[in-house]
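Read the structure below first, then the notes.
The values are calculated or read from the model by the stated rules, or taken from the named source; none is laboratory data. Quick caveat, the model's predicted, so the values are computed rather than measured. Cβ atoms come from the backbone with ideal geometry, glycine included; neighbour counts cover every protein chain shown. For accessibility, only protein heavy atoms count, side chains too; no ligands or nucleic acids. Shrake-Rupley method; radii C 1.70, N 1.55, O 1.52, S 1.80 Å.
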Amino acid sequence: MTRSTFRSLVVSAVLGCAALPGAAWSQGPVVHAPVGALQGEALDGGIHAFLGIPYAEPPVKQLRWRAPVPAKPWKGTREATAFGPACVQPPSRPGSIYSLGEALQTSEDCLSLNVWAPADAKDAPVFVWIHGGSLVAGSSREPMYDGARLAAQGIVVVSINYRLGVLGYLAHPDLSAESSDGVSGNYGLLDQIEALRWVQRNIAAFGGDPGNVTIAGESAGALSVMYLLAAPPARGLFHKAIAQSAYMITTPALREAVHGMPSAEESGLELSRKIGVRGLPRLRAMDPQELTVKAAMSGFLPFGNVDGKVLPAQLVEVFDRGEQAPVPLLAGFNDGEIRSLRFLLPPKPADAATYEAAIRAAYGDLAEAMLERYPATDLDEAMLATTRDAMYGWTAERLVRKQTGLGQPSYLYYFNHGYPAADEAGLHAFHAAELPYVFANHDRTTPLWPKAPDMAGEQALTAAMSGYWASFARSGQPVAAGQPAWQPYGQVRAYMAFEDAPVPGEHLMPGMYELVEQVVCRRRAQGGLPWHWNVGIAAPPLPAGAPGCP
């Protein structure tokens, strides 16, 4: 056994992690932050990495289902050269292109973050990445999110873990009763807010500017970005936002049944009944993995909830009122979002006539507009596009429209790039396909991810997208060397399409936004219907026109 192996075993046995306050095992870079000294690793290209940094106390035992407690400062030097464990989550779905292909190290003690910074960084812009995974899965340790190459563009990159599933989003009357604010749930969102507070207190030690922080995320990470834009406790902790494939879905309320959804507290009570465990002491005593799996199998869906404290209202209402954070925004979606998310689709109808009859029955006076936009000539494509637009396309354009209305420069994108391995698998521009281009990490994708060819065109598109994202984090304007100017959305509804190369355009998918907005507005006015997945042939009868609806 080598000395290093013995050392690792001792550290693991004593602490269960890769950090040991008061010890430094190698000669890596050291920063002296307010929270304590950290020793990281020097990477190629002049980047320093500091991994697995705790930003909050372990949310275990009596801290399970409580707001995060800031991490206590430590004495000595803490080793920060290994990622912390992922937050507890169900096993990944076999055969998924998003699966890491190996068992993920998880723990309830998971509230850590990672920092990549240029060695000479000083007052550099800060890019805080929030991972996706339906608020059920994912972690900051996924290789595709490695921030070194993005940091090489002169920015400090931070990635964070946050509580997931039932451990992150359970609301329950007893939890609300023990809270000083009288609310519960939203613990994963509170984790994200605490991580942003940690950035404000500590990032200057790494060369970052706490006055120039961009929050960014994809899928559930982008949903989280919207939550943060809407959350009063997050105000002032960030200065720009990026939302990739966000979905502005119906949000449950803490104590009321709204829009066809039970209250968040009732969902918590129902979960307790289904798994046969009553009372907070017993729930807190459950093994976290067992609880997480049982909750998922029982149908528990983790979402933020409108509690009047962390989330003051439905996201659509917050943005309609102009009460969201007034910051520059970059948002967009992918052409093939649903190609890798087909579980969101209802069963395909038998034929075109059945499809058309279902649309006419569901959409009434809007049926002709639906059939014109999503015709029965190709049922598969019609269904894919209907769900894509209702969830992702409408949300992206709504975000940039509302931020533009606040006088903030906002930028819309449309990722429509294909390459042989993806297109041949029927996954053209699939959900999350843009991520390797943003992080410049094509060599760090998951085992079943369609591999992009290592060709000049791919490298150029990667440089362009990574450059635009880094520039937006730097200045609030996406600019990439040698690439077209990306105009703000503005009056002409400008956007940037990422195809084989960046292609600027105006008025993406004319009529799409207006049609979905009509449907959402009518459902909101009716009050008893959610407005997200139940679209197309799965839609219930659409209410007639309502006052204030287009």
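Points worth noting:
- Pairs beyond 32 Å (Cα-Cα), from Lys72/Lys309; Lys294/Lys402; Lys274/Lys309; Lys61/Lys402: Lys294/Lys402; Lys61/Lys402
- Scattering from the stretch 447-550 was approximated by placing one identical point on each alpha carbon and applying the Debye formula without solvent; log10 I(q)/I(0) at 0.12, 0.16 1/Å stands at -0.68, -0.87.
- Per the Debye calculation on the chain with a single equal scatterer at every Cα and no solvent contribution, log₁₀ I(q)/I(0) for q = 0.06, 0.07, 0.08 Å⁻¹ amounts to -0.29, -0.39, -0.52.
- The DSSP beta bridges internal to the stretch 369-506 are antiparallel in roughly 60% of cases.
- Contact order relative to length of the chain, as percent, for alpha carbon pairs under 8 angstrom and 6 or more apart: 14
- Sorted peptide list for 100-111, 151-162, 482-493, criterion being average Cβ within 10 angstrom, highest first: 151-162, 100-111, 482-493
- Summarising the amide proton neighbourhood of Ala33: residues at separation of 5 or more, or on other chains, whose placed amide H is nearer than 5 Å comprise Leu38.
- Principal-axis analysis of the Cα atoms of the chain puts helix 394-405 at an angle of about 80° to the longest axis.
- Shape analysis of the stretch 194-298 based on the Cα gyration tensor places the equivalent ellipsoid semi-axes at 33, 19, 13 Å, largest first.
- Bridgeable lysines around Lys451 (alpha carbons under 30 Å apart, same-chain partners fewer than 8 residues away excluded): Lys348.
- Whole-number accessible area per residue in Å² for the chain, which is evaluated in the context of all protein chains at 1.4 Å: 38
- With every protein chain in place, the stretch 133-244: carbon and sulfur % of accessible area (1.4 Å): 49
- With θ taken as phi - 60° and the Karplus curve 6.51 cos²θ - 1.76 cosθ + 1.60 applied, the whole-hertz 3J(HN,Hα) list for the stretch 77-86 is 10, 9, 6, 9, 10, 9, 4, x, x, 6 Hz, x standing for glycine and proline.
- Per-residue ellipticity at 222 nm computed for the chain from its helices equals -9500 deg cm²/dmol, with DSSP H segments shorter than 4 residues left out and the rest contributing -39,500 (n - 2.57).
- Whole-Hz Karplus values for the stretch 285-298 come out as 7, 5, 4, x, 5, 4, 4, 4, 5, 4, 5, 5, 5, 7 Hz, taken residue by residue from phi with 6.51 cos²θ - 1.76 cosθ + 1.60 and θ = phi - 60°; glycine and proline positions read x.
- Under-5 Å amide H pairs with Phe127, H placed in peptide plane, nonlocal only: Val156, Val157, Val158, Thr214
- Angle between the chain longest axis and helix 456-475 axis [Cα atoms, degrees, rounded to 10]: 80
- Amide H to amide H, with H built 1.01 Å from N, Phe415 comes under 5 Å of Phe333, Asn334, Asp335, Phe498, counting only residues 5 or more places away or on other chains.
- Rounded to 5, the percent of DSSP beta bridges in the chain classed as antiparallel: 40
- Burial ranking of peptide ranges 399-411, 338-350, 84-96 (average Cβ count within 10 Å, highest at the top): 399-411, 84-96, 338-350
- For the pair the stretch 416-473 and the stretch 480-550, the centres of their Cα atoms are 24 angstrom apart.
- The stretch 320-379 and the stretch 103-144 have Cα centres separated by 33 Å.
- The stretch 48-123: Cα Rg divided by the 2.2 N^0.38 Å rule of thumb: 1.36
- For the stretch 49-174, share of DSSP beta bridges that run antiparallel, in % to the nearest 5: 55
- Relative packing of peptides 283-291, 205-213 - highest average C-beta neighbours within 10 Å first: 205-213, 283-291
- Convex hull per residue volume in Å³, alpha carbons only, for the stretch 240-334: 153
- Protein heavy-atom surface of the stretch 263-416, 1.4 angstrom probe: 53% of the accessible area is carbon and sulfur, with nucleic acids and ligands not counted.
- Placing a label point 7 Å from the Cα of Arg282 along the Cα-to-Cβ direction, the residues of the stretch 297-339 whose backbone N falls under 20 Å of that point are 297-300.
- Surface share of carbon and sulfur [accessible, 1.4 angstrom probe, percent] for the stretch 445-550: 59
- 3J(HN,Hα) from dihedral phi, the stretch 212-226, Karplus parametrisation 6.51/-1.76/1.60, rounded to Hz, x for glycine, proline: 9, 10, 10, 8, 8, x, 10, 6, 4, x, 6, 4, 5, 4, 5
- Under 21 Å of direct C-alpha separation, and excluding same-chain neighbours fewer than eight residues apart, Lys122 reaches these lysines: Lys240.
- For the chain, the longest principal axis of the Cα atoms and the long axis of helix 512-526 meet at an angle of about 90 degrees.
- Inter-centroid distance (Cα atoms) of the stretch 43-63 relative to the stretch 234-253, Å: 23
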